[in-house]
Amino acid sequence: MARSMCWHCQSEVTGEYLCGQCVKVQPLSKDLDYFACFKLPRLLNINTQELERTYYELSRAFHPDFYSTKDESEKTISLGNSAFLNTAYRTIKDPVQRVEYLIRLEAGAVKDIRSNPPADLFEEILELQEDMETFRGLSPEKDSTERAELREKLQRERERLEGRQEEMEKALGAKYQEWDGLQIANADPSEARDQKNGVLRSMQEILSNRTYICNMANELLETTG
Amino acid sequence: MSRIVGIDLGTTNSLIAYMDKGTPRVIPNPEGVAKVPSIVGMTDNGLIVGDSAKAHLTRDPSRTIYSVKRFMGKGLADVTDELKYFPYSLHEKNGVIRIEVGEKTYSPPQVSAMILKELKRRAEEFLKEDISKAVITVPAYFNDSQRQATKDAGMIAGLEVLRIINEPTAAALAYGLDKKTQGIIAIYDLGGGTFDISILKLKDGIFEVLATNGDTHLGGDDFDQCLLDVLVEEIADKHGVQIHEHPDLMQSVRLAAEEAKVQLSSETEATVLVELPNGKYEKTLTRESLEALVMHLVERTLVPCRSALKDAGLRADQIDEVVLVGGSTRMPLVRSKVEGLFAKQPHSELNPDEVVALGAAVQADILGGHNKEILLLDVTPLSLGIETMGGVMSALIRRNTTIPTSAKEMFTTYADGQTSVDIHILQGERELVKDNRSLARFQLKMPPLPAGVPRVEVTFLIDANGILHVTARDIRTSEAQTVQVKPSHGLSDDEVEGMIRDSFEFAEEDIKIRQVIEARTEANAIIIATDKALARASDLISEKEKVEIQRVIGVLGETQKGDDHRLIRAGIAEVEKETHHLAEVLMDATLKEALESKKVSEFVK
């Protein structure tokens, strides 16, 4: 963490979160990203138990419960730090949110990462939506046979989509390995930039397709019950 | 730092607890009872709270307020369904319910403050020191308005509320005080008016809430209501008495129903007895018949349980321990349903009525800086969002997000020179604005610039109490903007201040009624003690003396029914004077007995 001045006693902050001189809690740097918050390199495979341990340790350092008897400035800093820490933990803990966040971070350096609408999926989605519309219009009493058949078809479609979702997550996992490999071999952010951007782009594509498929599967589940 | 107490402000009962050398303890009244019924009575002589107010329910129902927690942070439209059950009239002002009692009206936080003051007084008497700081518990599923209303109640009662803490998590603190407890626990909390389920992970002193769910409108009161409906109908059939037309009888039947329900938790049969103007109504109830009546309510609690498990990403069999909290979990039916869901025998070692207050005391200890081992990481129970185009809610903070947490949102204008943007804050899980809870509205000031140029960033921060704070900043100028948030169902700061002033005026009346109650209690104690002494010493004093003592006791018995504490005190003094000799005689006799038994024991040696 960058060295800075204590907001309270103006001495140089030597401790990690507390001023070495006056022991006041210091606000987290505005430039701190969620990976750095947990002292993690920007890798996608992480040790979740280690992450939880660090999270608990930082919670003990920042949580407002431990600043109840302190002055207003310290209370405010503790509240801000704690809110940031909780958001950081939620983001890094979840594998999908983690990669989405990483792409946002890395996209800051390279601008051409954009999510393309999945052209091949488009038609399929339209067709499914039409079927669901028909299904909703059918009466459970009058059109029971037709309704049951359509229901079965939609349920099959959902299972197929869920299968695809699993495949995508597997593909994403492989990309995690690829990304981590590149990061470890090329510690400097500017090294192997093209290759890294390539991986980011393909992860973005998988993610965006996955979102469409997840939403579709959920809608199918809601419709057919 | 002055002492911080823990308060469980319940729908039917409230308790106050403190930390005694590392052990949380509830504070009892001089008779040893810790539960204070959450009932407030407005009598001609002032305010009465707790047990004495409960007695008032059947005598003066329209001026006795119970279950006020159900009205906290709500508007009239939220409670229309149950209005017919309450003996007092309600109306709404500025989005907040007002309860009409005689010529005066009270907001729910004001009534809750009366209960809090009684608890505060009790603690001050017990601990022999002033109490000004407290941790107050709320159902985990309480929304922002309900939490804020609870905080307001504390302020009106003259308490600085250092923390609003969720009831099931408080219970977890009381249970998991022993730092060695590890694993995943589920807290099933069914109280008088609300139901909560919370799933926590306990590890190395950290209590991390993974998910919470509940129903703020489901509790023991509803069980009573089911039984009450049946009784009322049967009384009309058998005796031709329409209970709805007699508020006092309604309260008698309600209390009888509650009593029978409680009895059926330990016994298989209970009898309901109600005195009617035209005779006696008597009915024997079996446990099975009660269970059949409330089955649908108990099953309703299982829905939030499943949702919480799903949100926590867990299966029922992954829960290591299940803890029962709240008086309604004494029902065998509730126990068996919970056991069925989690396939585990639930815990209830700690008194389910007291465990929440005990946990609040533990949290108070943490806030006081005396306990650095334990840390509670709680979540917000409901998603928070804002209204967007087309009446749709856009979520900014998802339910079950660990608090404190914040979300930032950028706002701009859609017309040239537009100077403000209206923002509507909501809480809930539904897609449409109308299906969610309106929390507050505010107007964001915009610099007069072409459309889309202004950039004002709003931060929505939910603090560790689960209460929302809104701040805004102009990105272009970096200037902070003060935001005047108008709550949809909450008191304004001015209103709260006015109520704090009013509560001081009340204090004088309070003292008067307190003196009467204290004198009365003392008189009763003396009457009972004298009766006992007379029975023991009947052959030690003269007949004349006996008659005289019985006469002064009779007089005191009559005076204590009145409202003049000086008369009661005078009566007590009279009895004390007349029994002086009796006390001496008894003392001698006791001493003699003691000496004799000593001799015997020496002889045995």
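Go through (1) farther than 29 Å from A:D188 by Cα; (2) modelled with pLDDT of 90 or more for A:C22 and report which single condition fails.
The failed condition is (2).
In this structure, does B:V241 turn out to be open to solvent by less than 60 Å² (accessible area, probe 1.4 Å), at pLDDT 95 or above and touching a helix residue (DSSP H, G or I) at 6+ places or on another chain (Cβ under 7 Å)?
Taking the combined requirement at face value, the residue does not satisfy it.
Taking the condition of being modelled with pLDDT under 95 and acidic (D, E), how many residues in the range B:161-188 meet it?
The qualifying residues number 1.
Could you grab me the full set of residues in the range A:14-42 that are under 17 Å from the mean Cα position of the chain (by Cα) and hydroxyl-bearing (S, T, Y)?
Across the range A:14-42, the qualifying residue is only A:Y34.
Could you check, for the range B:193-202, whether at least one of its residues is acidic (D, E) and open to solvent by less than 10 Å² (accessible area, probe 1.4 Å)?
Within the range B:193-202 (the criterion being acidic (D, E) and open to solvent by less than 10 Å² (accessible area, probe 1.4 Å)), the answer is yes, since at least one residue qualifies.
A quick yes/no check of all residues on (1) of a type in the set (D, E, K, R); (2) within 14 Å of chain A (Cβ to nearest Cβ):
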site: B:F342; (1), (2): no, no
site: B:E349; (1), (2): yes, no
site: B:A357; (1), (2): no, no
site: B:A360; (1), (2): no, yes
site: B:V379; (1), (2): no, yes
site: B:E387; (1), (2): yes, no
site: B:I403; (1), (2): no, yes
site: B:S406; (1), (2): no, yes
site: B:D416; (1), (2): yes, no
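Could you check the range A:46-64 and list, in sequence order, the residues that are crowded, with 16+ Cβ neighbours inside 10 Å, at the interface with another protein chain (Cβ under 10 Å from one of its Cβ atoms) and closer than 14 Å to B:E208 by Cα?
The answer is A:E52, A:Y55, A:Y56, A:S59, A:R60, A:H63.
Examine the range B:506-514 for a residue that is surrounded by 15 or more Cβ atoms within 10 Å (Cβ to Cβ) and closer than 25 Å to A:K75 by Cα, and state whether such a residue exists.
No, because not a single residue in the range B:506-514 is surrounded by 15 or more Cβ atoms within 10 Å (Cβ to Cβ) and closer than 25 Å to A:K75 by Cα.
From the list B:L255, B:L249, pick out the single residue that is part of a helix (DSSP H, G or I), crowded, with 20+ Cβ neighbours inside 10 Å and assigned by TED's automatic domain parsing to the domain that holds B:E291.
Of B:L255, B:L249, the one residue that is part of a helix (DSSP H, G or I), crowded, with 20+ Cβ neighbours inside 10 Å and assigned by TED's automatic domain parsing to the domain that holds B:E291 is B:L249.
Select from the range B:450-471 the residues that are free of Cβ contacts under 8 Å to residues at least 40 places away in the same chain and either in a loop (DSSP other than H, G, I, E, B) or away from every other protein chain (no Cβ under 12 Å) (or both) and list them in ascending order.
Result: B:P450, B:A451.
Output the number of residues of the range B:348-365 satisfying the condition of being surrounded by fewer than 24 Cβ atoms within 10 Å (Cβ to Cβ) and under 26 Å from B:T402 (Cα atoms).
Counting residues in the range B:348-365 that are surrounded by fewer than 24 Cβ atoms within 10 Å (Cβ to Cβ) and under 26 Å from B:T402 (Cα atoms) gives 1.
So if I check each of A:E205, A:E141, which one is open to solvent by 90 Å² or more (accessible area, probe 1.4 Å), acidic (D, E), at pLDDT below 90 and not in a helix (DSSP H, G or I)?
One residue alone meets the criteria, A:E141.
Would you mind telling me which numbered condition in (1) basic (K, R); (2) surrounded by fewer than 15 Cβ atoms within 10 Å (Cβ to Cβ); (3) away from every other protein chain (no Cβ under 14 Å); (4) touching a residue at least 24 places away in the same chain (Cβ under 8 Å) B:R501 fails?
Here B:R501 meets the rest and fails (4).
Would you mind stating whether A:S11 is at the interface with chain B (Cβ under 10 Å from one of its Cβ atoms) and either in contact (Cβ under 8 Å) with a residue 40 or more places away in the chain or of a type in the set (S, T, N, Q) (or both)?
When the stated conditions are applied, A:S11 does not pass them.
Can you work out which of the residues in the range B:366-401 that are in a strand (DSSP E or B) and open to solvent by 10 Å² or more (accessible area, probe 1.4 Å) is nearest to B:D204 (Cα to Cα)?
Residue satisfying both the conditions and the ranking: B:L376.
Could you please find all residues in the range A:65-88 being crowded, with 19+ Cβ neighbours inside 10 Å, small (G, A, S) and more than 10 Å from every other protein chain (Cβ to nearest Cβ)?
A:A88
With loosely packed, with under 15 Cβ neighbours inside 10 Å and either in a strand (DSSP E or B) or modelled with pLDDT of 95 or more (or both) as the only criterion, which of B:K434, B:K408 stands out?
B:K408
Among the candidates B:K74, B:K21, B:K104, B:K69, which residue alone is open to solvent by 50 Å² or more (accessible area, probe 1.4 Å) and either in contact (Cβ under 8 Å) with a residue 24 or more places away in the chain or closer than 18 Å to B:I156 by Cβ (or both)?
B:K104
Table: residues versus (1) under 19 Å from the mean Cα position of the chain (by Cα); (2) over 25 Å from B:D196 (Cβ atoms); (3) among the β-branched types (V, I, T).
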{"position": "B:I7", "(1), (2), (3)": "yes, no, yes"}
{"position": "B:T11", "(1), (2), (3)": "yes, no, yes"}
{"position": "B:V33", "(1), (2), (3)": "yes, yes, yes"}
{"position": "B:I48", "(1), (2), (3)": "yes, yes, yes"}
{"position": "B:S62", "(1), (2), (3)": "no, yes, no"}
{"position": "B:Y85", "(1), (2), (3)": "no, no, no"}
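Is it the case that the range B:417-430 has a residue that's open to solvent by less than 20 Å² (accessible area, probe 1.4 Å) and in a loop (DSSP other than H, G, I, E, B)?
Yes, some residue in the range B:417-430 is open to solvent by less than 20 Å² (accessible area, probe 1.4 Å) and in a loop (DSSP other than H, G, I, E, B).
Failed condition for A:K93, given (1) open to solvent by 30 Å² or more (accessible area, probe 1.4 Å); (2) touching a residue at least 24 places away in the same chain (Cβ under 8 Å); (3) more than 13 Å from chain B (Cβ to nearest Cβ), with all others met?
(3)
Quick test of your reading of the structure: B:L116 fulfils all but one of (1) open to solvent by less than 60 Å² (accessible area, probe 1.4 Å); (2) modelled with pLDDT under 90. Name the failing condition by number.
(2)
The values are calculated or read from the model by the stated rules, or taken from the named source; none is laboratory data. These numbers come from a predicted model, not from an experiment. Counting neighbours? That spans all protein chains shown, and the Cβs are built from the backbone with ideal geometry, glycine included. These accessible areas exclude ligands, DNA and RNA; they are computed on the full protein's heavy atoms, side chains included. Shrake-Rupley method; radii C 1.70, N 1.55, O 1.52, S 1.80 Å.
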